[in-house]
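Q: To start, I am sharing the structure in question, which I have written as structure tokens.
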Amino acid sequence: MSLRALSVALLVSCLAVAAHAVPALEDNDLELELVIGDLDLPTAMAFIGPNDFFVLEKNDGQVYRVLNGAKTIALDLHVNYCEERGLLGIAVHPDFATANPKYVYLYYTESAVADDQEGCAATVVNNLDRFEWNGMNLVNRANLAEFPSFVTYHNGGPLGFGMDGKLYGVTGDNEEDGPAQNNELSSTFDDTGVIFRLNDDGTSPTDGPFDDDDDGLDPEDAYFAIGIRNSFGLTWDPNTGVLWDTENGANIYDEINRVAPGFNSGWRDVMGPASETPAFDPDTDLTDLAGAEYADPAYSIQVPVAPTGLAFASMSTTLGEVYEGDLFVGDYERGQVYDFDVNAMRDGLATTDKIANSPGELDDFLFASGFTNGIADLEEGPDGGLYVVGLGLGEIWRISGSGAQQMHDLAFTGLKPPKKVAFTPNPPVAKALKLSLQNVGTAVETIVNQAALDSMLGINFIRLGNQTCPAPAVNRVLSKGTFPYAWEPGKKLSIGLELTWNNCFNDPLATTKTEDHDDFTLDASVDLSALGETDGDAGNDACPRAATGDDKGCGKMSTPFRIDLYLK
């Protein structure tokens with residue numbers, strides 16, 4: 001489905017929505033809040049900090065900064081907003097927080113005069129420009145590239161930085177029929193129908209999938225994927241770094257694609273899975289471009305809904321663990337958000353049926369609805385919330401859990417192995433062992449009383465050899481502090497174990513301190529549920545933060561001790 005009808009409809013004055021129903025969520029455990037309203041056809045947003053982001057307005061070329069819900073103008077561009085033209089895409093440099101200057105990238109259809117719709121018949125260009133953020137405004141424009149806008153629709157627009165530090169964007173096919181749209185009779189690559197990949201200064205990388213290494217400046221050197229009809233959404237799987245996109249079909253088949261380097265999506269020869277177009281042969285019908293490889297969509301929608309923005313829920317999501325790693329997709333036609341599980345290998349979606357043959361099938365994935373007149377963008381914010389840009393509503397909404405999710409993780413990081421226990425022959429009383437725990441999550445763990453400490457720290461003794469004496473009684477004690485004890489993130493907690501031994505002096509004990517004589521092993525473990533918390537990343541406890549590249553404080557959730565008894 002083309003979004004041409006969308007652009008025409010949005011030009012009609014009756015589109016202004018004075019009053020509307022609040023969007024609805026399928027999960028009653030989640031919350032929906034309005035972040036900002038009173039926007040004029042917002043197309044995309046990009047965060048620069050917590051509660052701090054840029055948002056674009058399609059027709060008037062305005063770039064707003066929204067800080068804590070209040071907007072200020074950051075830039076006013078002259079745009080040609082005829083139909084699908086206008087201010088379409090934004091990306092923030094990955095080093096924005098620490099770099100100087102701080103770069104912001106915009107993709108828009110330039111107008112030589114004030115914002116106009118007068119030039120629908122004119123051939124204009126879509127600019128990729130880089131600006132500097134000075135804390136108040138976007139300044140010092142640098143034009144990095146120009147992409148054609150031969151017609152007023154299928155101009156693409158989404159931008160984003162991949163995890164490789166490169167800038168990606170979609171141009172749309174622009175109703176052209178060149179080799180990037182799999183027309184072998186044409187030899188002119190004109191930058192339409194592609195996902196481009198550039199260095200942050202606008203130059204072509206030297207490691208592109210279609211780079212022929214001839215040192216020439218071929219257009220395809222900057223391409224990452226071809227055969228793209230039109231797209232309004234790019235995102236990266238935070239677990240793998242792989243690119244995903246949405247692609248709008250014509251009268252049949254929208255697509256959700258996993259985009260590997262050199263991906264050929266198949267347009268104009270096919271939309272949807274190849275099996276649904278029997279006459280299509282990917283081995284013979286597509287442009288013979290070195291590095292290109294066709295792949296079926298990860299999911300196809302037979303009756304088009306015009307999918308737009310898409311976003312993954314990361315480890316930091318506030319939606320809850322059940323959604324972690326899921327892919328969310330918004331659409332224009334129905335104003336809905338869909339939730340897809342990703343398979344264990346993260347190379348496709350978990351559903352066995354890869355085609356929605358009816359609107360009812362797509363409803364099986366329904367997550368949120370009621371975003372009247374379409375969704376333009378989805379983004380996960382620094383706070384872990386899912387942000388929905390309502391194009392026709394002129395609003396941005398945030399979906400989150402009932403409170404900001406915090407990561408609850410504890411680990412053993414420091415161990416002081418026990419001394420050998422000396423009998424004289426009477427057993428020692430309250431012999432203390434010491435161990436150290438680390439809070440490697442982001443939440444304050446409150447140990448309310450002695451019972452909570454006893455339940456949190458599990459102790460298990462295993463008798464070895466021919467010992468008959470029972471395991472010692474154990475008292476767990478805080479080395480410092482009192483209950484309730486607030487255990488802060490990044491802080492260590494020192495715990496003493498007072499062991500009281502009984503009836504062991506009749507057993508065969510070592511007769512010297514140096515004699516190798518293992519009598520007991522002790523296994524200590526941590527149980528977060530005793531604190532009324534749940535583990536924030538279950539299954540990764542050996543190194544709770546390793547998935548994010550942070551190994552600091554990693555340890556074990558359980559650890560063994562050896563206890564040797566001897567006669568003094």
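Throughout, read-outs are computed from the coordinates displayed, never taken from laboratory work. These figures come from a predicted structure and were not determined experimentally. Quick reminder, even Gly has a Cβ in these numbers, built from the backbone with ideal geometry, and neighbours come from all protein chains shown.
Q: Given the pairs Lys102/Lys491; Lys480/Lys568; Lys434/Lys568, which are separated by over 24 angstrom at their Cα positions?
A: Those over the limit are Lys102/Lys491; Lys480/Lys568.
Q: Full-extension gain between Asp40 and Ser358, please, as 0.36 nm times their residue separation minus the C-alpha to C-alpha distance.
A: 111.2 nm
Q: Sort 155-161, 390-396 by packing, meaning the average of other beta carbons within 10 Å per residue, with the highest value first.
A: Answer by packing, highest mean first, reads 155-161, 390-396.
Q: Here is a further query. Counting Lys and Arg as +1 and Asp and Glu as -1, what is the net charge of the other residues whose Cβ lies under 11 Å from the Cβ of Asp76?
A: Its environment carries a net charge of -3.
Q: I would also like to ask the following. What FRET efficiency comes out for Leu144 versus Glu31 if R0 is 56 angstrom and r is the Cβ-Cβ distance? Round to the nearest 0.05.
A: Step by step, r from the Cβ atoms, then E = 0.90.
Q: Could you list the residues of segment 362-388 with an amide nitrogen less than 18 Å from a label point located 7 Å from the Cα of Arg346 in the Cα-to-C-beta direction?
A: Only 380-381, 384 fall inside the zone, counting backbone N under 18 Å.
Q: Please compute the length gained on full extension between Thr424 and Asn68, using 0.36 nm multiplied by the number of residues separating them and subtracting their Cα-Cα distance.
A: Gain on extension, Thr424 to Asn68, equals 121.3 nm.
Q: Report, as a whole number in µm² per second, the diffusion coefficient that Stokes-Einstein gives for segment 114-207 at 37 °C and 0.692 mPa s using the Kirkwood radius over alpha carbon pairs.
A: The diffusion coefficient I find is 220 µm²/s.
Q: Please report the antiparallel percentage of DSSP beta bridges with both residues in segment 4-400, rounded to the nearest 5.
A: Taking every DSSP beta bridge within segment 4-400, about 95 percent pair in antiparallel fashion.
Q: Testing the spin-label approximation: label points 7 Å from Cα along Cα→Cβ at Thr240 and Lys568. State their distance in nm.
A: My value for the distance between the label points is 6.2 nm.
Q: Leaving out same-chain residues fewer than 8 places away, which aspartates and glutamates sit with a Cα under 17 Å from that of Lys354?
A: Asp245, Glu247, Asp254, Glu255, Glu276, Asp296, Asp326, Asp339, Asp341, Asp363, Asp364
Q: Can you pull out the GluC sites (Glu not before Pro) in segment 74-123 whose DSSP state is coil and whose Cβ has at most 14 other Cβ atoms within 10 Å?
A: Qualifying residues, ordered by number: Glu118.
Q: Just to confirm a number: summing +1 for Lys and Arg and -1 for Asp and Glu over residues other than Val35 whose beta-carbon lies under 12 angstrom from that of Val35, what do you get?
A: With Lys, Arg at +1 and Asp, Glu at -1, the net is -4.
Q: For Ser186 and Met163, compute 0.36 nm times the residue count separating them, minus their Cα-Cα distance, and round to one decimal in nm.
A: Difference between extended and current length: 4.9 nm.
Q: Quick check: net charge around Thr123, other residues with Cβ under 13 Å of its Cβ, Lys/Arg +1 and Asp/Glu -1?
A: Residues near Thr123 contribute -4 overall.
Q: Also: On a straight-distance basis, which aspartates and glutamates could pair with Lys71 in a cross-link, Cα separation under 15 angstrom, same-chain partners fewer than 8 positions away excluded?
A: Correct list for Lys71: Asp38, Asp40, Asp52, Glu57, Glu395.
Q: Relative contact order of segment 68-123, please, whole-number percent, based on alpha carbon pairs below 8 angstrom and at least 6 residues apart.
A: Averaging sequence separation for qualifying contacts and normalising by length gives 42 percent for segment 68-123.
Q: Sequence gap at least 6, Cα distance under 8 Å: using those rules, report the relative contact order of segment 297-392 to the nearest whole percent.
A: 33
Q: What distance in nm separates the two pseudo spin-label positions at Asn251 and Leu478, each 7 Å out from Cα along the beta-carbon direction?
A: Placing both labels 7 Å along Cα→Cβ, they lie 7.3 nm apart.
Q: Next up: Counting pairs of alpha carbon atoms under 8 Å apart in space and at least six apart in sequence, what relative contact order in percent does segment 446-492 give?
A: 65
Q: Under a plain spin-label model, where a point goes 7 Å from the Cα along Cα-to-Cβ, how far apart in nm are Leu366 and Thr500?
A: According to this spin-label approximation, the distance is 6.3 nm.
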